[in-house]
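First comes the structure, then the notes that go with it.
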Amino acid sequence: MNKLNNEMKLEFLSKSSNEAFARITVAAFAAQLDPTIEELADIKTAVSEAVTNAIIHGYEEKKGVVKIRGQIIGEELIIEIADNGKGIEDIEMAKQPLYTTKPNLERSGMGFTIMESFMDEVEIESILGIGTKVTMKKKIKSHTEEDEENLQFTPSC
Amino acid sequence: MESKYYNEDKLLIIKLTEEIDECTVQKIRRKADYEIERNMPRKVIFDFDSVTFMDSAGIGLIIGRYRIANMLGATVEIANINDSIKKVLELSGILKIIKIIETEAKAG
Ligand SMILES: Nc1ncnc2c1ncn2[C@@H]1O[C@H](COP(=O)(O)OP(=O)(O)OP(=O)(O)O)[C@@H](O)[C@H]1O
Ligand SMILES: [Mg+2]
């Protein structure tokens, strides 16, 4: 049980033109779990939020690398999105709906709220001056028991 | 983004044609504000019919345009949103102040 079925890593420069690339790549990876269209949309949106945060809050104007690690364990998708940017001072505060440190740029402060409601679990680790890592998990439930067993032990192609 | 102004109805339809995220939102914002300020409509409709993706950048976009339109005496409505965009907008609470409608692709 809970054996690792698959894993991927992705690194790219902190440019917002990479956001679409990042969410589409993660969605393509997640597709192995045979998610519904709604589940895929949820995953894409959550990834877009975390990647945008890494780029605009973590690195601000500076150039940096955003790292994504994706894992599939059983029927669960685990996505880590990390930056080596400025870090979050108060994580509890940052998670509050409508809380933003950049209101002048028309930010709505809904990023973490979206991640938390679209994924099953969201964990935020951050150290000032070192960086931030967001880990999100989502169970993709659309399989029958039988499918699930096949998924554990045989590749899907 | 494309837009069309119907002078007789004082209606500005802004048809969004791209995925909406941090990368695309800046250009949309600039163009939408230009059209609103140039035409001084009484109503602005954002048509999402061909938008397949939107994250929180879209919330900021709509609230920002709502503020500007409101200041200039116009109302704002959102048309033809798909389920995942609706989910994002619902979370933000802006559906309490902005109406969702379905249209016959008038801007099309
Ligand atoms: N990777 C990060 N590095 C540094 N600070 C971050 C990071 N992610 C989030 N934050 C901080 O947490 C706050 C809340 O983030 P959240 O995504 O909820 O809202 P936002 O990005 O400000 O607005 P929105 O996502 O709605 O456009 C941000 O304003 C920022 O101060
Ligand atoms: Mg954000």
Original post:
Within segment B:1-31, can you find the residues that are within 12 Å of another protein chain (Cβ to nearest Cβ), surrounded by 18 or more Cβ atoms within 10 Å (Cβ to Cβ) and of a type outside the set (D, E, K, R)?
Top reply: B:20, B:23, B:24, B:25, B:28
**OP:** Go through segment A:96-133 and give me each residue that's open to solvent by 40 Å² or more (accessible area, probe 1.4 Å), within 14 Å of chain B (Cβ to nearest Cβ) and either of a type in the set (Asp, Glu) or under 15 Å from the mean Cα position of the chain (by Cα) (or both).
**Re:** A:106, A:116, A:117
Subject >> Candidates B:37, B:18, filtered to the one that is in a loop (DSSP other than H, G, I, E, B), of a type outside the set (S, T, N, Q), out of contact with any strand residue (DSSP E or B) (no Cβ under 7 Å at 6 or more places or on another chain) and in contact (Cβ under 8 Å) with a residue 12 or more places away in the chain >> reply: B:18
Subject >> For residue A:42: the one exception among (1) more than 15 Å from ligand 1 (Cβ to nearest atom); (2) within 12 Å of another protein chain (Cβ to nearest Cβ); (3) open to solvent by 20 Å² or more (accessible area, probe 1.4 Å) >> reply: (3)
Original post:
In segment A:125-137, what count of residues is obtained for those that are more than 8 Å from ligand 1 (Cβ to nearest atom), part of a strand (DSSP E or B) and more than 24 Å from residue B:93 (Cα to Cα)?
Top reply: 5
Original post:
For segment A:38-64, which residues satisfy the criterion of being in contact (Cβ under 8 Å) with a residue 40 or more places away in the chain, over 12 Å from the mean Cα position of the chain (by Cα) and under 17 Å from residue A:86 (Cα atoms)?
Top reply: A:55, A:56, A:57, A:58, A:59, A:62, A:63, A:64
Original post:
Is it true that residue A:64 is surrounded by fewer than 20 Cβ atoms within 10 Å (Cβ to Cβ), small (Gly, Ala, Ser) and out of contact with any Ser or Thr (no Cβ under 8 Å at 6 or more places or on another chain)?
Top reply: no
Subject >> Tally, over segment B:55-94, of residues that are more than 13 Å from every other protein chain (Cβ to nearest Cβ), assigned to a helix (DSSP H, G or I) and farther than 19 Å from residue B:25 by Cβ >> reply: 2
**OP:** Could you identify the single residue in B:51, B:44 that is more than 16 Å from ligand 2 (Cβ to nearest atom), closer than 13 Å to residue A:41 by Cβ, open to solvent by less than 30 Å² (accessible area, probe 1.4 Å) and more than 11 Å from chain A (Cβ to nearest Cβ)?
**Re:** B:51
Original post:
For segment A:61-74, does any single residue satisfy the condition of being away from every other protein chain (no Cβ under 14 Å) and closer than 23 Å to residue A:113 by Cβ?
Top reply: yes
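The values are calculated or read from the model by the stated rules, or taken from the named source; none is laboratory data. As the structure is a prediction and not an experimental result, all values here were calculated from the model. Neighbour counts run over all protein chains shown; Cβ positions are idealised from the backbone, glycine included. The protein model used for the area step is the full one, side chains on, heavy atoms only, and it has no ligands, DNA or RNA in it. Shrake-Rupley method; radii C 1.70, N 1.55, O 1.52, S 1.80 Å.
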